Amino acid sequence: MKYSVKTTKWNKFVGDGIVFFVDCKNWEKELLEIDREFDKQLIKTAKADNFTAGEGAIYTLPTYGKIEATFIVLVGIGAAKDFDLYTLRKVAALLSKYARNLKKETLALDLSFEIIARFAPQDVGRTIVEGMNLGGYSFSKYKKNNEVHPLKQVVLLTNAARLGHLANGIAEGALLADATVYARDLINEPAQTMTPAYLAAQAKQLAKLPGITVQILEKKEIEKLGMNAFLSVAQGSSLPPKFIKLEYKGGRKKVVIVGKAITFDTGGHSLKDAKNMETMKLDMAGGAAILGVFSALSKLKPKMTVVGLIAACENMVGPNATKPGDIVRAMNGTSIEVLNTDAEGRLTLADVLSYAVQEKPEAIVDLATLTGACVVALGEDIAGLFANDQKLTHALIKSGEAAGEKLWPMPLEKEYRDLIKGDIADLRNIAKNRYGGAVTAALFLEEFVAGIPWAHADIAGPAFVEKETPVVPKGASGFGVRTLLEWLKNIDF
Ligand code: BES
Ligand code: ZN
Ligand code: ZN
């Protein structure tokens with residue numbers, strides 16, 4: 001999809017359709033001038049057809065040659081008082097699906113109405129592009145009939161004063177959406193292809209971008225580092241683990257971002273049932289999000305060094321797989337009783353976080369599809385955010401708001417620490433009771449960050465959607481990519 005900005009007046013645009021965003025209360029008033037061109041039939045017809053400008057309602061009228069464009073498209077945004085950038089992203093996503101389904105190729109979006117013009121133009125450009133590119137996404141490479149007809153040209157019509165800002169917003173939105181789409185493609189790829197080696201090869205590709213280096217540690221080196229918790233998860237698989245390290249050098253200060261990357265989670269000997277295993281290719285969504293972030297860093301150019309760490313392996317059943325009750329010693333010396341092999345994410349992360357600490361960063365942030373309990377607590381749309389640092393919590397939640405990704409603060413409750421103390425080792429990998437599973441998992445991770453400012457986002461809910469939403473088609477969402485990029489852009493130490 002190509003975007004451009006122009007100061008062309010709406011009735012001079014040549015193309016398939018001219019789009020107006022309208023709210024429930026003022027839509028008739030806003031359209032009065034336009035209606036004059038149509039002998040006052042436009043509003044009358046829309047009303048007769050029960051158009052009320054409700055959120056996401058899209059109404060099309062032919063122009064019968066009265067103006068250059070073939071159609072007028074009205075996009076309802078609902079109540080003006082509730083309208084924010086989040087809703088704009090949503091309706092832009094719906095518009096791109098609508099255009100795709102009707103095989104429209106060129107649309108102009110008139111942005112002159114007050115309802116849109118009250119936002120900063122850069123935000124408007126960014127949000128519209130995010131919404132349209134993400135809403136129009138589909139993973140269709142395995143379909144026989146995989147023809148899609150995405151829009152080709154989108155022209156944003158505005159005044160001269162807003163033009164430059166809007167263009168900047170478009171570039172920003174395209175960068176953020178591309179990085180998200182890249183992560184979605186990796187996550188949607190089935191585990192038969194998306195192996196640890198394949199993920200590592202994808203990471204290697206990113207080293208072609210300016211300022212980015214990538215290092216892959218093989219099993220031997222992982223052993224040498226003492227990452228036995230990570231290795232204990234990998235040992236049930238015939239495929240070797242890969243430890244992926246990416247680095248972007250942007251300044252003296254450093255942050256580490258970490259992503260869980262189990263390329264398939266069967267649960268191991270603590271086997272998942274068929275229903276719960278169905279979507280477990282998603283279990284590398286955290287790692288994919290880290291690659292998504294790195295795909296955009298050389299253009300975003302944040303002013304600090306960013307290290308990305310991904311411990312990639314499969315969690316399988318097999319003659320060599322870890323047995324419940326086995327004890328492993330993590331890289332930082334902590335011993336762990338593996339009582340449930342399905343709580344494997346925290347084992348791989350224990351070693352990655354120990355490694356992250358040795359980097360001596362200002363902050364560590366991890367993204368992990370860690371617990372079903374977090375989905376029970378917050379539902380499918382919201383990630384749980386755990387942190388040992390209030391400033392970090394605040395910065396990430398604000399970044400999430402700007403990105404249109406929902407994160408909610410969760411407690412690292414000290415009183416629950418006893419629940420993960422081991423009987424014959426230092427820690428156990430599942431809590432002693434079944435309550436607060438997202439919290440006890442986060443407390444487990446906290447044992448490995450050595451007090452460094454750290455945040456953990458449990459993205460088990462939003463990483464993968466089972467039911468299509470406007471911005472996220474069924475499947476991978478790419479959750480976390482845009483929040484992290486926003487955070488890295490604005491970070492101040
Ligand atoms: N990968 C899963 C968590 C998950 C569940 C992600 C649903 C996305 C959707 C994780 O490895 C897991 O199996 N966790 C267990 C932990 C339990 C054994 C303490 C869970 O949530 O059931
Ligand atoms: Zn698991
Ligand atoms: Zn898992």
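The values are calculated or read from the model by the stated rules, or taken from the named source; none is laboratory data. Since the model is a prediction, treat every value here as computed from it, not as a measurement. Cβ atoms come from the backbone with ideal geometry, glycine included; neighbour counts cover every protein chain shown. These accessible areas exclude ligands, DNA and RNA; they are computed on the full protein's heavy atoms, side chains included. Shrake-Rupley method; radii C 1.70, N 1.55, O 1.52, S 1.80 Å.
Within the range 179-215, the set of residues being under 17 Å from the mean Cα position of the chain (by Cα) and among the β-branched types (Val, Ile, Thr) comprises 180, 181, 187.
For the criterion of being within 16 Å of ligand 3 (Cβ to nearest atom) and not in a helix (DSSP H, G or I), residue 257 fails.
Listed by first and then second residue, the pairs linking a residue in the range 163-189 that is acidic (Asp, Glu) to a residue that is open to solvent by less than 30 Å² (accessible area, probe 1.4 Å) and in a helix (DSSP H, G or I), with Cβ atoms under 6 Å apart and 6 or more places separating them unless they lie on different chains, are 172/126. Criterion applied to 438, 431 was being in contact with a strand residue (DSSP E or B) (Cβ under 7 Å, 6 or more places away or on another chain), open to solvent by less than 40 Å² (accessible area, probe 1.4 Å) and either charged (D, E, K, R) or within 16 Å of ligand 2 (Cβ to nearest atom) (or both), and the one residue passing it is 438. Taking the criterion of being open to solvent by 20 Å² or more (accessible area, probe 1.4 Å), at positive phi and of a type outside the set (A, V, I, L, M), the only residue of the range 445-490 that qualifies is 451.
Taken together, the criteria exclude residue 395 from residues that are within 22 Å of residue 258 (Cβ to Cβ), within 16 Å of ligand 2 (Cβ to nearest atom) and open to solvent by 10 Å² or more (accessible area, probe 1.4 Å).
Residues in the range 102-132 that are polar (S, T, N, Q) and either surrounded by fewer than 23 Cβ atoms within 10 Å (Cβ to Cβ) or not in a helix (DSSP H, G or I) (or both): 106, 112, 122. Among the conditions (1) open to solvent by 10 Å² or more (accessible area, probe 1.4 Å); (2) within 16 Å of ligand 2 (Cβ to nearest atom); (3) under 27 Å from residue 462 (Cα atoms); (4) out of contact with any Ser or Thr (no Cβ under 6 Å at 6 or more places or on another chain), the only one that residue 242 does not satisfy is (2). Of the residues examined, residue 449 is not one that is of a type in the set (A, V, I, L, M, F, W, C), in a loop (DSSP other than H, G, I, E, B) and under 22 Å from the mean Cα position of the chain (by Cα).
Restricting attention to the range 253-265, the residues that are within 12 Å of ligand 1 (Cβ to nearest atom) and either open to solvent by less than 10 Å² (accessible area, probe 1.4 Å) or over 16 Å from residue 234 (Cα atoms) (or both) add up to 5.
Within the range 220-235, can one find any residue that is more than 16 Å from ligand 1 (Cβ to nearest atom), under 30 Å from residue 427 (Cβ atoms) and acidic (Asp, Glu)? So far as the range 220-235 goes, yes, one or more of its residues are more than 16 Å from ligand 1 (Cβ to nearest atom), under 30 Å from residue 427 (Cβ atoms) and acidic (Asp, Glu). Among the residues making up the range 210-239, those that are away from ligand 2 (no atom under 16 Å from the Cβ), within 26 Å of residue 190 (Cα to Cα) and out of contact with any Cys (no Cβ under 9 Å at 6 or more places or on another chain) are 214, 215, 216, 217, 218, 219, 222, 238. The condition (being assigned to a loop (DSSP other than H, G, I, E, B) and either in contact with an Asp or Glu (Cβ under 6 Å, 6 or more places away or on another chain) or surrounded by fewer than 17 Cβ atoms within 10 Å (Cβ to Cβ) (or both)) is satisfied by just one residue among 220, 204, 143: 143. The strands (runs of 3 or more DSSP E) found entirely in the range 270-385 that carry 1 or more residues being surrounded by fewer than 21 Cβ atoms within 10 Å (Cβ to Cβ) and in contact (Cβ under 8 Å) with a residue 24 or more places away in the chain are 305-315, 326-329, 335-338. For the range 148-170, residues that are modelled with pLDDT of 95 or more and either basic (Lys, Arg) or farther than 24 Å from residue 10 by Cβ (or both) total 1.
Every listed requirement among (1) of a type outside the set (Lys, Arg); (2) in contact with a Lys or Arg (Cβ under 9 Å, 6 or more places away or on another chain); (3) over 18 Å from residue 457 (Cα atoms) is met by residue 316 save one, (2).
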